[in-house]
Structure formats: C-alpha cells, structure tokens
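Trainee: Sharing a structure below in structure tokens format, with a few things to ask.
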Amino acid sequence: MAEEQNKKPCRFWIWASASVVFRLILISFPGNLNLSSRPEVSTPLTSIRRLAEGYWLKQASMSPYAGSMYHGSPLLLSILGPLTVQSIKGQPSHLLCSLVFVIADILSAMLLRGIGQKLQMAYGLNARLLGFLKSSRDKVILPCGDIAALVYLWNPFTIVSCVGLSTSPIENLAVVLALFGAVTRRVPLAAFGFVMATHLSLYPATLAIPIIIILGYGLDAPPIKLFLQTRSVENEKSSTSTVSKQAKSKQTTHLPFLWKTVAHFLFWVLLWSLYVLVLCALSLNKYGGLEEMFKRTYGFILSIEDLSPNIGVFWYFFAEVFDFFRNFFLIVFHVNVLFMLLPLVIRLKHRPCFLAFVYLAISSILKSYPSVGDSALYLSLWALFVNELIDMKFSFFLFCGYLGISLLSPVMHNLWIWRGTGNANFYFGNAIGYACFQIVFVVESVSAMLNHDRALRRSSSNHGEVKS
Amino acid sequence: MACLVRSWIPLLFLQSFLVAIAFGSNEGEEFSEELLLKPLPDRKVLAHFHFENRAPPSNSHGRNHHLFPKAISQLVQKFRVKEMELSFTQGRWNHEHWGGFDPLSSMNAKPVGVELWAVFDVPQSQVDISWKNLTHALSGLFCASINFLESSTSYAAPTWGFGTNSDKLRYGSLPREAVCTENLTPWLKLLPCRDKDGISALMNRPSVYRGFYHSQRLHLSTVESGQEGLGSGIVLEQTLTVVIQPETTSVETNMQPSWSLSSLFGRKVVGSCVLAKSSNVYLQLEGRLGHESKNVDTEIEAHKLWMNSDFDLSLKPDRVIRESSSLLFIFDIDKSSDSEPFDLGLTWKLPSKWSCEQAPLHASRFLMGSGNERGAIAILLKATESQEKLSGRNLTTDGRCTIKANIFQIFPWYIKVYYHTLQIFVDQQQKTDSEVLKKINVSPSTDKVSSGMLEMMLELPCEVKSAAISIEYDKGFLHIDEYPPDANQGFDIPSALISFPSHHASLDFQEELSKSPLLSSFKEKSLVRSYTEVLLVPLTTPDFSMPYNVITITCTIFALYFGSLLNVLRRRIGEEERFLKSQAGKKRGGLKQLLSRLTAKIRGRPIEAPSSESPAAESSFLSSKLIFKIILVAGAAAAWQYFSTDK
C-alpha cells in the first residue's frame, strides 16, 4: 500500500513533465502551427495578435483601445506587450509569450492539484464520519487532485490554447488561484485571484458566491442532514448522557457561518480591486482613463459588437437578428447567466467547489466570445469530483460529442471560410452541437451530484437502520 | 499669314469686350473654354476639355450672376467651402503610357468612381456637419450617390498625406459608383453654353463614353479679396479628360493613327461660345524637339513645325509655343463658322515613337492571401525610366539622394488592419521602420463608426529598384443589413494615393503666355501624384434567408439549457416528497393554507381543508390583495413609460 502511494506521485510527475515537454516541442515550431488564428482558440478578447496591435498603438502614443482591435486589460498589455515584440534570434517570434503561457498552465495545474488534495482529504474525512469507509474497505478514494491536474495538462483544449497564444491560460490561472486561495483559506490570495479573474474576463464575477460559501461554511461535504441522522443514530445507540445529546443536536443543525472570514475576504476584494483600478488608471492616464477601459472591455463583452465566428452561438445570432430586437435579446441572453445562480446555490450550497464548477461551465456556454480555453478550465474542475461523479450518465456519449465537435469544427470552418464550398450554417451547426453537448454535460453533472447525495442519504439511513 | 494672325488678335479682344459689355459683366465674371489634344504614345488620343468660370469678390450676397452658376455659388456660401474637388472617373489612367510627371496627369488622373475632397472655412467642430450637408447637396446636384460619403465610415480627415495641409480637409471616395451621362448632363448645365455651342459641343456622349478613360472633374476654390467688406471670389474649374482610340484604317502597326476632331467625336466645332472670353484649342506634341531646329524665330521654321516630313496639321496654328520637351500649337476657334467649321486633323506620315515622362516610382497595389478570414494589402513601388533623370536632384543634408513618397490610404472598417504588421521591403530586403519610414500617422478604424486611415512618408534611396509595403488585415463580419444587395461581389477598398512631395510637375513655357487659364495652371507647380488600383475584397456572407431559423434554433438551445437544468434542480425522489407531504399535512401555516386555497380556486375544486374564516372575509381579503397587485403592476408600467419617454 505504501509503495503504491509512493509510486503514484512519481507517475504523476512523469506525466506532468511529459506534458510540459510536449508543449515546449509544440511552441518551438514556427508560426504557432497557425493555431493563433483559429476562431476556436483566439477570440477578440484573447487573441495575442490584437494584444500586439494594442501594444503597438500604445507605443505610437495612441490609446490601446483606439480602433476596435484590443479589448483586454491594460495590465495584460503592459506585461505581455513587450514580449510580443521581443524575440530571441533564431527562435520563433512569439516564443517568450508562449513560455509565459506554459508557465501559467503549469501553475494552474499545480494549484488544481492543491485544491484536489484538500477536497480529497475532506471527502475522506466526511466518509469516515458518515461511516462508509470502515464498512466498505474496497472503495478507494481516487486522488482527484492528480487527476484534475493531469486532465488540465493533457487536455487538447488546454494545449491548443496554450500553444495557440490565446490569453485564456492566464485567465484560467486567475480563476484557479481564487479557488485555491478559498480552499486553503488564504483570504488575500483568494481575493486577488477573484479580482484578477473578474478584471480579465468579467464572467468569473459569479464566483463570488462559491468563494464566500467556501470561506463561510467550509469545503464540500454531504448535506448537513446526513450528519444529523448518523449522529442521532449513534446517540440513540449509546445514550449515555441525554443532556449532551440535546446540546449536540442543536449545535449541528446550523453550521456556523464565519462572518469574520467573509468580511475579511470582502475587505481584501475591495483593496485589490482598488489597486487594480489605480494601476489601470495610471496606465491609461492619457487615453481616456477608466471610463474608456470599461467601455472597451466590459462594454465590448456585453454588447457583442464583434460578429466574427467563434464556437459560441451569439455571433451568428446577432449577425442575423433584426436590429430592432437586438437589445432585447442581449438582455435575455445575459440574464440567462444570472438566472441560474440562485436555484443552483439553493440546491448545492453544501458543495461550493462544485458550485464554482457549474458556474464556470454555464458562463463558458453563455459567454459572448467563448473559446476552448474556457472548456479546458471547467473540464479539469470537473475532474476534481471524480469520486462523487463516478456514476455520471452519458459520459461516453459526451466524450464522443466533444471529440466529434472538436474534429468537425476546423473542417466546417475550412469549408466555409477557405474553400467557400460551405456556408455559415455549417459552422453555426457545429456551434449549436457544441452548445448542446455542453448543456447536457452540465445538467448531467449536476444531476449526478444530486444523485450522489441522495445515495449517501439512503445508504446512511440503511446503515443506521442496520446498526440499530 | 502672321499678319493675319496679328490682325485677328485685337479683333478677338474687341469681340470679347463687346460680349462682356453686352452681358453687363462689369463685375468681371469671366468664362473661358479650352481644349487640349494630345496624341499618346500607345496610339490613343487624349482630349482635355477645360472650362474656367471666375466670379470676382463682391460685397453683395445673393447677387445675380451672369455667367457663374448660381447653384455653385450658393453651395460655396452656404457650406463655406474654401476649396473643393469632385471627380467622376471611369477607367484607369495608364501611368506608363499616358504620362505621370506632367501637370495634366497629376491633376486629372483620378481614382475610379467618385472622389470628393473639400476644405471648409468653418470652426473645427462644424467641419463634419458641413461635410455631410455638402455631400447631400452635391448628390442632388450631380445625380450621384455622393450622399453615401456622409457616413463617418466612408470619409477621413487626412493631416498631411493628401498633400494639402489643413485640419479642415475631408476626403472620401466611392469606388463603386458608376459614372455615366446622367452625371455629365448636370455637369454641363453649369457651363454658360451647355453643350450647345463652342468647344463643349464636341461632347458627343457615345464617343466620350466609348473611350478608355474619362474623368470629369469640378474644382472650385475661393479667392480672398483681401479687402475689408468684400466677400470672396470663386474660381470654378471644370475639366473633362477623355482618352480615345482613333479609328484607323492603316494596316501598318507601328504607324500612329491619323485623326481629326470629327473622326474622334463625330462632331465639329462651329464657332466659340459667345459668352466665353477666350476659346482655344491646343495640340501638344511630346518628344519632338531634339531633332527639330533649335530656333524657330522665323516664319519658315514655324511653317516647318506644322507641315513637315513627319506629320501634317489640317489647320494652320495661330501660335506655336515650345516647352522643354514638347511643342504646343495654339488654335483660336473664333474664326470658325457654320460654313467653315473648325476641324483640326493630324495626319502622320512617318512612324513615330516617343514616350511620356513618368513619375519617379510607379505604384501598384494588390491583395495577398486567400480565403475569407484574413489577408494582406501590398503596395509596390517600382522604379521607372525617369528615375535616372531625377536622381541627384533631391539631396538631403547628408548628401544622400533620396526620393520621398507619401502614401495615403483609407481602410473601410470591415478591413481590420493590424498596423503592427507593417513591413517595408526595399529591393527585396526587409527594412526596419527607422531606416526608410520618415513619418507615419495612423488613425485606426472603429467598428461601424469610422474608417481607418494610414499616412506614411517614405524616404527611399534614389537608386532603389523596387519598394514594397505590406500590411495584414482581418476581414470583418457584418450584420446582414450592412451587406449591399450584391453581397457576394465583394467590397471595394478605395485607391491609395501615392504622392511625391519633393517632385513637382510643371510645363515651363519659354515665353510669356496670354491669359490662358489652362496653360497658366500647367505652368504652376503641381504635386506629382498617382492613384493605385481599387481593390475588391470578398467578404464572407451569412445565410441571408436564415434569420428566423437562427433565432428559433438559438432560443431552443436556451430553453433546453434553462428547462433541463431547472428540472434537475427541482426533482425530488418519491420518499422525500411523501415525507414533505406528510409534514405539510400536519402543520399548515396561514400562508400555505391561503396558497392551497388559491390553487384550489384556480383548479375549480372544492377546498380540501376546512376553513375557519368566512368566505366573505376571504374574498374581500383576496380582492384587496388583487387590487394592490394591480396597482403595483400599473405603477411599474407607468414608471417604465415615464422613464422610457423621458429619454
């Protein structure tokens, strides 16, 4: 057993380093294998070409947002901008940028591993508390951290968006950083990750809810009722002190909400966002300031001005829809992201990390400019819950769906754009298929998680009955 | 012969003076008509009609004009136009054969379609408004869709790349505009004699539009009087440049075709426009000086010039003027009449070859890349023969000989240019920006708001063989309403303008001329400029028949997402439901009771639980709640209405 324990991390490191080497090999090819211009990889928000254009404009003492090219953060511009123009002799021109993205990927994977280890420990603890682990020794807890990290590192979507020079690895890193900080209860880190993620791509703002729940109530656990049931069973079994029984049950019906930590988190969020805004204001001092930035980044995301094709469905919808209804549909589609927040938090408040996964998946479906980098993030977060989601339905079907879509998408794009033998409906059909598979994936994950909780409840009540 | 000419000239003056008096143009409105004919090296003939109408400064607004078109003067007064040029062109000027370094080509070689630029005399903030109004006025005046230039996506404000340094300059062009007689007729209406009399009577529509190139141009500029209280005078210059292939019967291929006015236009001039101060016809022959005699002072020499072994002119020129490289024969058409129409003819006797002077660099522009996603625009500047002659002229301070070239280019917003990909190659070697790029001014395009503009000043070494500039772009994706009816034809990128700021074209006549507006405009130094080709960029199109399908399918996907996720979230397993039901049965709060009663009412079933309250009280309670709700909704609606109408 101990040997196996030692072996596994060893194998993990081999695979992780292999993925890094694979990335390094890919980025040393000239021209990024033409991945940087794929619509699936680089959206108007994440394209490095647009970032380089923004940097050029800024160097020419113009606003980086002049023209409709750059829509990212001014901070990213000052970090990545200089790297886009510098190149080492004899190497591909974007090598330095690629290295940054590889490092971001490695960091994200390590943080995911850290989150996974915490979740694994919590899972083991809860299982022992509920008394499953003692009875069924054959059920082994999977090392979900390692799995998630490897899923992240070896996911073709991640590799493609890392090698294809889109800035989504950095956005993903910020999101993972926020979750890691929350899980390990490093409040300033969580706040920093949250603020950066929101600053970079707006949609992670929904993560405020799961992070506050993690900080307030603690990590993912089975519903609180289960503990009550098991405890009451145990208490009935060994009813030595009736006084303490009363006290205990009262204590556990309401889990304490750690207001102090949450307030701490909010304070840090305020501090970091002030810091970020001041930095942005400084870098955009001469070019319209923050107002211009919000108009060109968040405004661009919300108003869906760019109709160039991507793997989402909005581009074609807004290219076709009558102008009269444009604002109506904009509101409807954006509100759809927010509509589901409340029902989900009611049902899944005991599993905040899973809630974070669901929020990220939903926002990546309903994003204005989605890319495969977003899918890479939620797929690896999904792998954190392999223990709970082992009974998920349609997993093979979904796997085939994702595979098929990612193979068909370049084909359809080629037929439409390059060959001219197909039309826009080919690519849009593909995007619809992708959206459907993602929806089924999210729905099935949520349903599997709820079923898991139900199964836990049933088994614990059976357990109790058997014991009594 | 010469005596005859001399006796004619005072007569001519007398006549024009009489005309001036007769029409009361003591205010000094002047009109002159001129025609320049020029055989081109590639067996074609260029005819350049030039009409100039001057209205002197006057202090009265809304005065009567005698000759000057009222529409134009109102235009100038209303929109405070300082200078304006409008051109309608069909065909492409052949810079290699038709010349690129003479005033004629630098002023009249225009881009295909409509080109309009104007300088205004209004405060900076009102320039755009004036421009918009001007485009609409001109659109009505010339029966053309110039009003499309109104939208900010189609015009630009060049700072220095256009050659005129003014911050009140606006420039726009419509490459797609078809030019035809419907544009020529209103243009002719501005002439005092229309096309009924004088030189303009030659403008036979079929022969004009049969040509290889025709460009009608209207240039107006205001002349400040300098005196207090006086308004500004207006100079209206109307030109029509036509390149026609004369019909030839000769089989000899190296022989230049012989032609006459009647064979070119199918008409003859039967006298000048009586309102014109001067009406002259010029014939310019290029490259005929080297072997001709050095001094032409004597009559015999002059006679030799127009009837020699090479060619014959059918009429005797009134004057002959020599320029550094060409001969200019001047004919006065006043003496022609119905019985003796003016029909100038040129008959070649010997094969003759010459070449036109060319611009220092020949510019062409093309697209690179395939597919509908991205591409690159390249501008190629190639050295011409005339370069050797020019080299040595333009020495910079450090003794290097350089050619300066300004490039001015407008990009429509759907051509999303990446300015950081600008690459410059000189003689097939990539150069860094600092080596050749002296100045650059970029104004990037904003989606659906404004067009992009690129102004560059290159400083190339004189011995350069070729220089290429390439810049990459992404193709935009448009909303279905933004596509023109023939969406699959593609979109036109307006011509780029290449000008050479250190080169000026002028004809330096050795002798002082009479007051011929055409020749004096040729004598002025004009900037050498050439326009490149119009590029056709195909853009991808969405499926135009699909809007309803796309809306329904996308909304279905949203319904799928919303419905299935909500269904999963609210689903409970049977035992839980039973438990909840039993719980609900045991203790039912007031609100829950109310709810169950409401649902029962809606379903039309009797209330299950016995109610303690009286039905009357219940109904009144319900109705008050209902009324409250209705008031709430109505209030919300009123507030909404108020705020929405407020905006």
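Trainee: Under a plain spin-label model, where a point goes 7 Å from the Cα along Cα-to-Cβ, how far apart in nm are B:Asp312 and A:Ser459?
Mentor: Spacing of the two 7 Å Cα→Cβ label points: 11.6 nm.
Trainee: Got a number for the accessible area of B:Arg92? Probe 1.4 Å, square angstrom, nearest 10.
Mentor: 90
Trainee: Residues of region B:423-443 losing 20 Å² or more of accessible surface, assembly versus chain alone, probe 1.4 Å, please list them.
Mentor: B:Val442
Trainee: Separation between the B:Glu224 and B:His97 pseudo-spin-labels, each 7 Å from Cα along Cα→Cβ, expressed in nm?
Mentor: Rounded to a tenth, the inter-label distance reads 4.6 nm.
Trainee: Right, next: So what's the angle, to the nearest 10 degrees on a 0 to 90 scale, between helix A:187-201 and the longest Cα principal axis of chain A?
Mentor: That helix lies at roughly 40 degrees to the long axis.
Trainee: Mind listing which GluC sites (Glu not before Pro) in region B:242-286 are in a DSSP loop and have 10 or fewer other Cβ atoms within 10 Å?
Mentor: Hits after loop and neighbour filter: B:Glu247, B:Glu252.
Trainee: Another question about this same structure. Using every pair of alpha-carbon atoms in region B:403-454, split the distances into 5 Å bins beginning at 0 and state the percent of pairs per bin, rounded to integers.
Mentor: It works out to 5, 17, 25, 22, 16, 10, 4, 1, in whole percents.
Trainee: Which shape class, rounded, prolate or oblate, goes with region A:49-88 when its Cα gyration tensor gives a ≥ b ≥ c as root eigenvalues, a/c under 1.5 marks rounded, and past that a/b bigger than b/c marks prolate?
Mentor: Prolate is the answer for region A:49-88, as a/c is 1.5 or above and a/b outweighs b/c.
Trainee: Taking amide H atoms as placed 1.01 Å from N in the peptide plane, list the residues 5 or more away in sequence, or in a different chain, whose amide H sits under 5 Å from that of B:Arg374.
Mentor: Here the answer is B:Lys475, since their amide H atoms fall under 5 Å of that of B:Arg374.
Trainee: How large is ³J(HN,Hα) for each residue in region B:173-190, as worked out from phi by the Karplus curve 6.51 cos²θ - 1.76 cosθ + 1.60 (θ = phi - 60°), to whole Hz, x for Gly and Pro?
Mentor: 9, 10, x, 7, 4, 7, 10, 8, 4, 5, 8, 6, 4, x, 5, 5, 4, 6
Trainee: Angle check, please: helix A:372-382 long axis (alpha carbons) against the longest principal axis of chain A (alpha carbons), in degrees 0 to 90, nearest 10.
Mentor: The helix A:372-382 is inclined about 10 degrees to chain A.
Trainee: Same structure again: Quick one: Karplus J couplings for region B:424-433, per residue in order, coefficients 6.51, -1.76, 1.60, θ = phi - 60°, nearest Hz, x for Gly and Pro?
Mentor: Once θ is set to phi - 60°, the couplings for region B:424-433 become 10, 10, 10, 6, 6, 10, 6, 10, 6, 4 Hz.
Trainee: Follow-up question, since we're still on this one. Do any trypsin sites (Lys or Arg not before Pro) in region A:24-93 lie in a DSSP loop with no more than 13 other beta carbon atoms within 10 Å, and if so, which?
Mentor: The qualifying sites are A:Lys89.
Trainee: Hey, if we sort A:Asp453, B:Asp42 by accessible area with the 1.4 Å probe, largest down, what's the order?
Mentor: Greatest to least solvent exposure: B:Asp42, A:Asp453.
Trainee: Chain pair B, A: how much accessible area is buried, both chains summed, with a 1.4 Å probe, in Å² to 100?
Mentor: 5100
Trainee: Now for a separate question. Measuring with a 1.4 Å probe in the full set of protein chains, what accessible area per residue, in whole Å², belongs to region A:331-389?
Mentor: On a per-residue basis, 23 Å².
Trainee: I'd like the orientation of helix A:242-253 relative to chain A: the angle between its Cα long axis and the longest Cα principal axis, in ° from 0 to 90, rounded to 10.
Mentor: 10
Trainee: Then there is this: Kindly sort A:Ile141, B:Ile631, B:Ile321 by accessible area of their heavy atoms, largest first, with the probe set to 1.4 Å.
Mentor: If we order A:Ile141, B:Ile631, B:Ile321 from most to least accessible, we get B:Ile631, A:Ile141, B:Ile321.
Trainee: Could you grab the relative contact order for region A:344-432? Cα pairs under 8 Å, six or more apart, rounded to a whole percent.
Mentor: Computed over region A:344-432, the figure is 16 percent.
Trainee: How many angstrom lie between the C-alpha centres of region A:373-394 and region A:158-175?
Mentor: Using only Cα atoms, the two centres lie 19 Å from each other.
Trainee: Per residue of region B:357-365, in order, report the coupling 6.51 cos²θ - 1.76 cosθ + 1.60 (Karplus, θ = phi - 60°) as ³J(HN,Hα) in whole Hz, putting x for Gly and Pro.
Mentor: For region B:357-365, the Karplus curve yields 6, 10, 5, x, 10, 8, 9, 9, 9 Hz.
Trainee: Taking a ≥ b ≥ c as the square roots of the Cα gyration tensor eigenvalues, with a/c under 1.5 meaning rounded and otherwise prolate when a/b beats b/c, else oblate, which class fits region B:99-191?
Mentor: oblate
Trainee: May I pose another question? Protein chains only, probe 1.4 Å: how do B:Met457, A:Met110 rank by accessible area, largest first?
Mentor: Ranking B:Met457, A:Met110 by accessible area, largest first, yields A:Met110, B:Met457.
Trainee: Here's something else I'd like to know. Give me the mean projected area, in nm² to one decimal, of the convex hull enclosing the Cα positions of chain A.
Mentor: That works out to 25.3 nm², a quarter of the Cα hull's surface.
Trainee: What residues have an amide H closer than 5 Å to that of B:Ser352, excluding those fewer than 5 places away on the same chain, when H is modeled at 1.01 Å from N in the peptide plane?
Mentor: Amide H neighbours of B:Ser352: B:Gln256.
The values are calculated or read from the model by the stated rules, or taken from the named source; none is laboratory data. None of these values were measured; they are calculated from a predicted model. Positions of Cβ are backbone-derived with ideal geometry, glycine not excepted, and every protein chain shown enters the neighbour counts. Just so you know, the surface numbers come from the protein's heavy atoms only, side chains and all, with ligands and any DNA or RNA stripped out. Shrake-Rupley method; radii C 1.70, N 1.55, O 1.52, S 1.80 Å.
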